[in-house]
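Working notes, structure below.
Just so it is clear, none of the values below were taken in a lab; they were calculated from the coordinates. Since this is a predicted model, take the numbers as computed values, not measurements. Counting neighbours? That spans all protein chains shown, and the Cβs are built from the backbone with ideal geometry, glycine included.
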Amino acid sequence: MSKQEISFSNRNDVTACILCSRNCGLSVEIEDNQFKKIKGDDQHPFSQGYICQKAARLQHYQKKHADRLTAPLKRQADGSFKEISWAQAIQEIADQLVHIRDTFGGTAFASVGGGGQGNHLGAAYGRQLLYAMKSFYAYNSLAQEKTGDFWVNGRLFGSQACHTTEDVEYADYVLFIGTNPFQAHGIPNARDTLKHIKKDPNRTMVVFDPRVTETAKQADIHVQLKPGTDAYLMSAMIAIMLRENLYDQQFIQKHTHGFDEVKQAFLAIPIEEYIQKADVSVEQIYQIVRDFAKAKRGCVRIDLGIQHTLNTTLNGYLEKLLYLLAGHFGQQGTNNLHTMFIPILTHTDERNPKYRRTVHHKMFPISGFFPPNILPDEILKAGEKRVRAVFVDSCNPLLTYPDTAAYEQAFKSLDLLVVVDVAMTETARFADYILPAHSQFEKWEFTGFNLEFPKNGFHLRHPLFKAQGNTLSEAEIYTRLLEAMNVIPQQFPILSKIAEKDSAKTAYLAYFGALGVSFAKNKKLIPFAASIVYRTLGKTLPNDAAATALLLPLCMQYAAQHYQAVKQAGYQGNRLNLGVKLFQAILQQRSGVVLSQHEYADVWQLIAYKDKKIRLAIPEMFVELAQLQQQSLVPTDDYPFILFAGERRSYNANQIYRDPAWRKVDAEGRLRMNPEDASEFAVETGQTLQCISEHGKILVVVELDEGMRKGVVSLPHGYGLRYRGGEPIGPELNRLTSTQHCDPLSKTPYHKYVPVRLERLDA
């Protein structure tokens with residue numbers, strides 16, 4: 001077998017799950033180009049054999065289902081699609097993009113997605129298209145979930161690229177706020193970790209959630225607060241900490257600025273009034289704060305429960321103040337910062353005038369991303385400078401972004417809509433061109449979320465299957481587009497020749513030297529480094545690993561920045577070649593690698609401020625804190641229920657599973673509601689109601705759940721798909737949500753606080 005060939009015969013192999021940020025290692029049995037058996041990979045350096053039920057059913061993703069795309073498609077005048085060649089598709093799209101750019105400028109183009117569904121390697125290539133179009137409009141799903149958090153990090157730690165993690169597995173006292181790791185995962189080996197905490201009498205688990213979740217059932221204390229009151233409760237908890245002198249004075253003095261301003265702002269909080277707004281026990285909250293503050297190793301884990309509800313950005317600030325004031329930071333078992341191998345986050349501080357804003361909403365990027373909430377308006381309402389062309393990659397806005405009707409209208413009005421995906425999604429059906437990509441297991445891929453500390457990992461997934469049909473990897477698709485747009489030449493003869501002769505033995509010095517000379521001569525090529533390296537150095541890598549070539553300079557950069565930590569992870573080398581050694585290990589270790597082994601004290605070096613101190617006071621958040629007094633949380637007569645839209649359950653997963661046969665349970669995506677509420681409508685489990693918001697209505701199948709608070713109902717995400725072009729299966733959530741119902745600063749949608757009413761069908 002030559003070095004460029006990959007064996008796709010029936011065999012056993014290893015890979016990683018793609019369904020959440022943990023990316024647990026999988027040991028797989030392959031037969032007839034699909035998964036036959038899936039279990040945990042004991043050799044994986046982090047998950048060590050752990051697996052959940054979602055990963056165990058990944059065969060429903062890879063198998064050749066009816067919606068799999070196998071050839072480029074072009075929309076015809078009658079709305080149908082016709083197969084065309086790659087050459088035709090690429091050239092026609094390139095010509096239209098160049099025309100739109102040269103006629104209307106950079107504001108006419110937006111990219112949406114990139115990085116979804118386990119697609120992270122391709123996103124690095126897709127980002128280049130923005131530069132080619134002279135655009136800065138990058139919309140993605142992170143920007144409807146986490147950008148409030150990123151913004152707060154920017155203020156606290158000096159850069160929006162600073163990202164926090166938590167040592168749940170080592171903590172004595174854990175606060176889970178708005179998260180259900182039993183179902184959502186997000187922490188190492190989630191169910192095992194929860195079990196260990198539950199069994200240990202010296203450890204305490206507190207869950208804040210309006211529903212009795214699977215995690216809440218295992219908790220020592222469950223605080224079943226009213227929806228939307230998280231900001232009230234957390235600000236009251238901080239006020240208690242300050243009034244009773246429970247904060248860590250030594251930590252604050254040594255590591256922070258702005259404590260006095262924080263103290264002043266929070267001492268004005270009416271503690272008991274705010275706890276009562278949350279409808280929970282005042283005494284219990286006082287006790288939790290005291291125990292958390294006094295804990296030797298305390299940490300806080302949050303998720304979309306507080307990031308998709310009222311006061312999104314403020315919630316992120318309050319959550320971080322809880323552990324920072326208590327001094328639960330920078331040690332084992334606390335919250336920490338971590339290194340970032342893949343630079344998915346940038347620092348785009350809106351106070352800097354160089355970061356341009358959108359035309360209609362005047363919205364700024366956070367960490368380089370724009371929120372999907374505003375995109376329909378930027379297409380429909382921005383006049384001559386409106387968005388006219390959209391490139392959607394690994395994303396399904398028609399189902400996953402707020403206000404489906406607005407997105408349908410906006411996408412219909414575009415001059416050009418191109419979708420890159422593995423399946424005929426609801427969004428793809430609106431496209432002018434559909435470009436079929438390799439699946440995540442038919443190509444080289446990795447996770448962009450290496451969230452561990454002090455030991456940080458990375459897993460490069462090798463191709464497991466022969467690519468189906470006439471599909472291409474994103475690296476190839478975007479590189480061909482750049483070539484067709486005449487942004488980069490089709491050949492780099494000198495670079496290619498040097499790449500062929502250069503090797504790891506010489507640390508690729510000649511190649512990168514020549515690349516640097518090329519960039520010095522033509523600075524316009526710098527933004528397209530990924531494709532240039534792919535076309536030149538990439539061709540010399542074994543097993544068709546060309547797309548991974550961009551990892552080599554990242555390895556060099558990471559090894560230079562964290563030299564000691566990389567050495568402590570066991571890599572042999574000097575400052576010249578350590579990054580190359582790391583790259584070689586990544587390519588070779590099929591079960592993933594430990595990138596670096598830090599000390600906990602290294603956390604302070606990850607703070608971006610020059611003095612390495614945290615800035616506790618954020619004036620914008622003090623304003624929002626003061627405004628809580630005026631906020632109304634009283635449901636209206638028209639919409640008396642609060643809907644949690646997008647609950648994570650055992651068998652839902654970000655819409656990567658198209659075939660509904662994968663679901664063992666909950667095929668309809670049922671509406672969970674309290675039995676007392678259900679009795680008012682005289683409905684039982686399995687019966688149907690109408691769920692109506694100010695914005696739209698859908699039919700829902702009821703499931704009685706005693707764990708729901710009265711007045712609260714929930715629906716899962718991942719449903720509403722029109723498999724094989726049929727009727728939607730399960731709830732189309734975003735028929736109910738609005739682009740306007742969102743956080744004032746980050747524009748994050750309030751999916752966990754949607755006022756609705758329920759009606760019988762015969763009403």
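A Förster distance of 35 Å, applied to the separation of the beta-carbon atoms of R429 and S650, puts the FRET efficiency at 0.75.
A simple spin-label model places pseudo-atoms 7 Å from Cα toward Cβ; at K381 and Q572 they are separated by 6.3 nm. Net charge near A626, counting Lys/Arg +1 and Asp/Glu -1 over other residues with Cβ under 14 Å of its Cβ? Spelling it out: positives minus negatives among the neighbours equals -3. Taking a quarter of the surface of the Cα convex hull of the stretch 634-760 gives a mean projected area of 8.4 nm². Measuring gaps between exposed loop sites in the chain (GluC sites (Glu not before Pro); DSSP loop; at most 10 other Cβ atoms within 10 Å), the longest gap, sites not included, is 6-705. Normalised by the number of residues in the chain, the mean separation of alpha-carbon contacts (under 8 Å, six or more apart) gives a relative contact order of 18 percent. For a modelled paramagnetic label at K613, 7 Å from Cα along Cα-to-Cβ, the residues of the stretch 220-257 in reach, with backbone nitrogen under 11 Å, are 252-257. Which parts of the stretch 624-640 would a label at R357 reach, counting a residue when its backbone N lies under 19 Å from a point 7 Å out along Cα-to-Cβ? From the stretch 624-640, the list is 624. If R0 is 22 Å, the Cβ-Cβ spacing of E680 and K217 corresponds to a FRET efficiency of close to 0.25.
Given q = 0.11, 0.13, 0.15, 0.22 Å⁻¹, what are the Debye log10 I(q)/I(0) values for the stretch 382-498, with equal point scatterers placed on the Cα positions and solvent ignored? Values returned for q = 0.11, 0.13, 0.15, 0.22 Å⁻¹ are -0.55, -0.74, -0.91, -1.21.
Summed over qualifying helices (DSSP H, 4 residues or more, each -39500 (n - 2.57)) and divided by its residue number, the chain shows a 222 nm mean residue ellipticity of -8500 deg cm²/dmol. Please work out whether the stretch 455-592 counts as rounded, prolate or oblate from its C-alpha gyration tensor, where a ≥ b ≥ c are the square roots of the eigenvalues and a/c under 1.5 means rounded, while otherwise a/b larger than b/c means prolate and anything else oblate? Oblate.
Whole-Hz Karplus values for the stretch 447-460 come out as 8, x, 10, 9, 9, 8, 7, x, 8, 10, x, 7, 10, 8 Hz, taken residue by residue from phi with 6.51 cos²θ - 1.76 cosθ + 1.60 and θ = phi - 60°; glycine and proline positions read x.
Potential lengthening of the chain between Q276 and T636 amounts to 127.6 nm, from the contour at 0.36 nm per residue minus the alpha-carbon distance. When the C-alpha to C-alpha distance is required to be over 23 Å, the pairs from K362/K385; K539/K581; K254/K296; K320/K610; K254/K294; K199/K455 that qualify are K199/K455. Overall shape of the stretch 11-66 was characterised from the C-alpha gyration tensor. The equivalent ellipsoid obtained from it has semi-axes of 19, 13, 8 Å, in decreasing order. For the stretch 160-174, putting each phi into the Karplus relation 6.51 cos²θ - 1.76 cosθ + 1.60 with θ = phi - 60° gives couplings of 5, 7, 6, 10, 9, 9, 9, 8, 4, 5, 10, 7, 8, 9, 10 Hz, in residue order, rounded to whole numbers and with x for Gly and Pro.
Here K39 is the anchor, and the lysines within straight C-alpha reach of less than 16 Å, apart from those fewer than 8 places off in the same chain, are K54. Here each label is just a point 7 Å from Cα along the line to Cβ, and for I494 and E620 those points are 4.5 nm apart. For the chain, the normalised intensity computed at q = 0.05, 0.06, 0.07 Å⁻¹ comes to -0.24, -0.36, -0.49 (log10 of I(q)/I(0), Debye sum over alpha carbons, equal scatterers, no solvent).
Translational diffusion coefficient of the stretch 164-337 (Stokes-Einstein, Kirkwood radius from Cα pairs, 20 °C, 1.002 mPa s): 134 µm²/s.
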